[in-house]
1. For GLN95, which of the numbered conditions (1) open to solvent by 70 Å² or more (accessible area, probe 1.4 Å); (2) in contact (Cβ under 8 Å) with a residue 60 or more places away in the chain; (3) in a helix (DSSP H, G or I) fails to hold?
2. Would you check if LYS326 is open to solvent by 30 Å² or more (accessible area, probe 1.4 Å) and either within 26 Å of ARG129 (Cα to Cα) or within 25 Å of the chain's Cα centre (by Cα) (or both)?
3. Restricted to the stretch 295-321, and to residues that are open to solvent by less than 20 Å² (accessible area, probe 1.4 Å) and outside any helix (DSSP H, G or I), which residue is farthest from TYR42 (Cα to Cα)?
4. Considering only the stretch 14-55, state which residues are among the hydrophobic types (A, V, I, L, M, F, W, C), exposed (fewer than 10 other Cβ atoms within 10 Å of the Cβ) and modelled with pLDDT under 75.
5. What helices (runs of 4 or more DSSP H) completely inside the stretch 178-290 contain at least 3 residues that are under 22 Å from the mean Cα position of the chain (by Cα) and on the phi < 0 side of the Ramachandran plot?
6. Residues of the stretch 215-238 being under 20 Å from LYS161 (Cβ atoms) and touching a Ser or Thr at 6+ places or on another chain (Cβ under 8 Å), which ones?
7. Suppose the filter is at pLDDT below 90 and open to solvent by 70 Å² or more (accessible area, probe 1.4 Å); does GLY336 pass it?
8. How about the stretch 56-70: which of its residues are out of contact with any helix residue (DSSP H, G or I) (no Cβ under 9 Å at 6 or more places or on another chain) and open to solvent by 90 Å² or more (accessible area, probe 1.4 Å)?
Amino acid sequence: QWRQHRQQQQQQQNQNKEQTSSASTPKNSLKPSPFFLCNYPYLLSANAKRRILLAEAMLIQQSAQNQSITHGILSGASVIFPWFILPIEREHLLQQTLLHIANASPLDLKKPLKVVFLGEEGIDEGGVRKEFFQLLTGQLFNLEFGMFVPVAEGRSIWLNKENSWSKDEYQLVGSLLGLALFNGVLLDVHLPKVLYKKLLQLPVNIEDISSLDGPLYKGLQQLLTYSPPEAVEDVFCRTFNVEWDEFGAKQSYDLIPNGSSIAVTGDNRQLYVEKMAQWMLKDSVQEQFQALYEGFTRVVHPNQLLLLTPEELELLMVGTPHLDFKELQSSTEYIGEDTWNRDHPTIQWFWEVIHQDLSLEEKQKFLLFVTGSHKAPIGGLKYIGLKIQRMGPDSNSLPTAHTCFNILLLPEYSSREKVAERLKKAIHECEGFGLK
């Protein structure tokens, strides 16, 4: 009883203190604010951010599945689809994908993606989805399609300012980028870093011109630093006007009102460079980028990307081109008999072929054959999680792969020459999903 009395006294004293302090102090000012590591993204590695984003995407997908199931039960639907299913014919890949995504609801796009190639037995546990993205990007980003143009001396592609009739296709490109990011699939695309800045809604500046046109950027830098300033007009002979060819016809645009009649001088050269950057990076492709961004944000909410820098978003979407196959070898697991390990003759021959016989292009094809992507994820090839499983004794069968799980099925070939011949044939002739 005495202890109870002391506890009651102590509680009363604490309440009196709280009432006294609340008169002069805001109610929540003394409460410690919660600590969230995500509030300090510079403390996180790119791979840690990738895992956070994929975990958040998984939670969103589960929520979308639950909503779909609940709605289906309440509405008495005879069939409930907890996945966003794309039944596609290879011959009509682009048209059918555009139609399905255009008709999909926002809830559908948040579900886990499943791709079905009609007429093929493959079940999508990740591998079918990877090939779908590979084939679709090959068509959408094809320069002959006219939506993109080469920049940076052909190393990247950029929005085609002359293409103003493909709004639906640009939305499809945006949705494709969002779906790939949302489902953890790496894309084989070469986009300039300025596009990733724009996807993150970050301001662009003069420096970003370098990712589109290196020589032009150097020329603008020379314009800004040229001395003496009074000689700028005579040396550079520029006006506030841009000219380009469109279907063989000369086109022009005034960066400021009556710009073609206003010379660039030492006094206004900074304004000229700023207007040039504004036109190149924003105004000339505003319609195209807006359609792409609308498609992208149908799948990925901008708040999901607050942790990322443009460089990290690029790594998440397209991976890293640096391939260290020694790193891949050291992280590979082996499935089979106890003797099927890194010391087995077939395994040793296999890695000799990888390191010594395959060109860089063939190594990329090997990665594509096994994982569905020819690039490494953030952190390098050690994060692929490659597994090599024994597929019976020596035979003439080709190696096969489960791209959904990054598993290579390798027969116990009897010679190094046979490993090389069978492996090269497999990686050069692989396409489709069949169980024959």
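1. It fails just one condition, (2).
2. Details: open to solvent by 30 Å² or more (accessible area, probe 1.4 Å): yes; either within 26 Å of ARG129 (Cα to Cα) or within 25 Å of the chain's Cα centre (by Cα) (or both): no.
Criteria not met by LYS326.
3. The selected residue is VAL300.
4. Once the filter is applied, which keeps residues that are among the hydrophobic types (A, V, I, L, M, F, W, C), exposed (fewer than 10 other Cβ atoms within 10 Å of the Cβ) and modelled with pLDDT under 75, the stretch 14-55 yields ALA23, PHE35, PHE36.
5. Details: elements: 193-199, 214-225, 232-236, 269-281.
Of the helices (runs of 4 or more DSSP H) lying wholly inside the stretch 178-290, those with at least 3 residues that are under 22 Å from the mean Cα position of the chain (by Cα) and on the phi < 0 side of the Ramachandran plot span 193-199.
6. Across the stretch 215-238, the qualifying residue is only TYR217.
7. Working: at pLDDT below 90: yes; open to solvent by 70 Å² or more (accessible area, probe 1.4 Å): no.
Answer is no for this residue.
8. Residues of the stretch 56-70 out of contact with any helix residue (DSSP H, G or I) (no Cβ under 9 Å at 6 or more places or on another chain): 58-59, 62-63, 65-66, 69-70.
Residues satisfying the conditions are MET58, LEU59, ASN66.
The values are calculated or read from the model by the stated rules, or taken from the named source; none is laboratory data. These numbers were taken from a predicted model, which means no experiment stands behind them. We place every Cβ from the backbone using ideal geometry, glycine too, and count neighbours over all the protein chains shown. The protein model used for the area step is the full one, side chains on, heavy atoms only, and it has no ligands, DNA or RNA in it. Shrake-Rupley method; radii C 1.70, N 1.55, O 1.52, S 1.80 Å.
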